[in-house]
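A.B. asks: Here it is, the structure in full.
Derivation of every value follows stated rules applied to the coordinates shown; laboratory data play no part. Everything numeric in this text was worked out from a predicted model, so none of it was measured. No Cβ is skipped: glycine too gets one built from the backbone with ideal geometry, and neighbour counts run over all protein chains shown.
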Amino acid sequence: MSDEVKNTEEIKDASMTASPSDIAPAAEVDIMVRGSLGGDNAAPDARGGRGGRSGGPGGRGGAGGRGGRGRDDRGGREREKSEFNQVTLDLARVTRVTKGGKRMRFRATVVIGDGKGRVGFGTSKGVDVQASVLKATNQAKKHLITIPMERETIPHRVHAKAGAAQVIIMPAPQGSGIIAGGPVRVVLQLAGVPNAAAKILGANNKINNVRATMEALKMLKAVRVRTPKEKAE
């Protein structure tokens, strides 16, 4: 028997007696070692996860890295409450005709007050509703007036005019409330006047009525009420 035949027979015998692990290719063994085994016993990645938006312990490098921001503090912040209450009395869309065409804007009239005797109003225009209301509010804060009050009402009767609108405001006894309507009622409520009576004459234009009301309130003067002892003397 030749040497080549003997070598072939020896190889066949060795393959029949060898175990499956002895004949496994080296490439597959290498893949099993380097790959992820899964489950709880899986080896952690050296780089770590990217982390989530909830701010977990992930992130490159293990603890954090590029992970989430953690607890969001913006939700816990409370906006500061303004000392003034405001009412958008009128909101209109106005158009100006120019050489290039029509230019549309928004006009807002805002009345503000703190309920303690201070009140103001402003009228302004803007490219959108939010801008016009904000500009009108800032203008109203620059033109605040203080209303003097005696015995929970205004001191005396006043009459003012703005354009074609006329407003008359009179004192009222305690418990009467505000006997008025339209813009005059809004102004008196925001100013914090407990009792008053008012009458609107002439035009129904809201802006002119507010202007007449503010002019009338500017005319109020503090009146010192004498006590019964002073009256007896």
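A.B. asks: At what distance in nm do the modelled label points of V223 and L201 sit from each other, each positioned 7 Å from its Cα along Cα→Cβ?
C.D. replies: A separation of 1.9 nm, rounded to one decimal place.
A.B. asks: While we're here: The stretch 85-145: percent of C-alpha pairs farther apart than 20 Å? Kindly include the intermediate steps, with their values, before the conclusion.
C.D. replies: Numbers: 564 of 1830 pairs.
I get 31 percent for the Cα pairs in the stretch 85-145 exceeding 20 Å.
A.B. asks: Over the Cα atoms of the stretch 147-218, how large are the radius of gyration and the largest Cα-Cα distance (Dmax), in Å?
C.D. replies: According to the Cα coordinates of the stretch 147-218, Rg and Dmax are 11.1, 33 Å.
A.B. asks: OK, next. Give me the net charge of P171's neighbourhood, meaning all other residues with Cβ under 14 Å from the Cβ of P171; Lys, Arg count +1, Asp, Glu -1.
C.D. replies: Working: positive: R151, R157, K199, K221; negative: E150, E152.
Result for the neighbourhood of P171: +2.
A.B. asks: Sticking with this one: Where in the stretch 182-216 does the label zone of R107 land, with the point 7 angstrom along Cα→C-beta and an amide N cut-off under 19 Å?
C.D. replies: Backbone N within reach: 183-184, 203-215.
A.B. asks: Peptides 207-213, 90-96, 103-109, 163-169: what's the order by average Cβ count within 10 Å, highest mean first? Write out the running numbers ahead of the final one.
C.D. replies: Values: 207-213: 24.1, 90-96: 11.9, 103-109: 16.7, 163-169: 19.6.
Descending packing order for the listed peptides: 207-213, 163-169, 103-109, 90-96.
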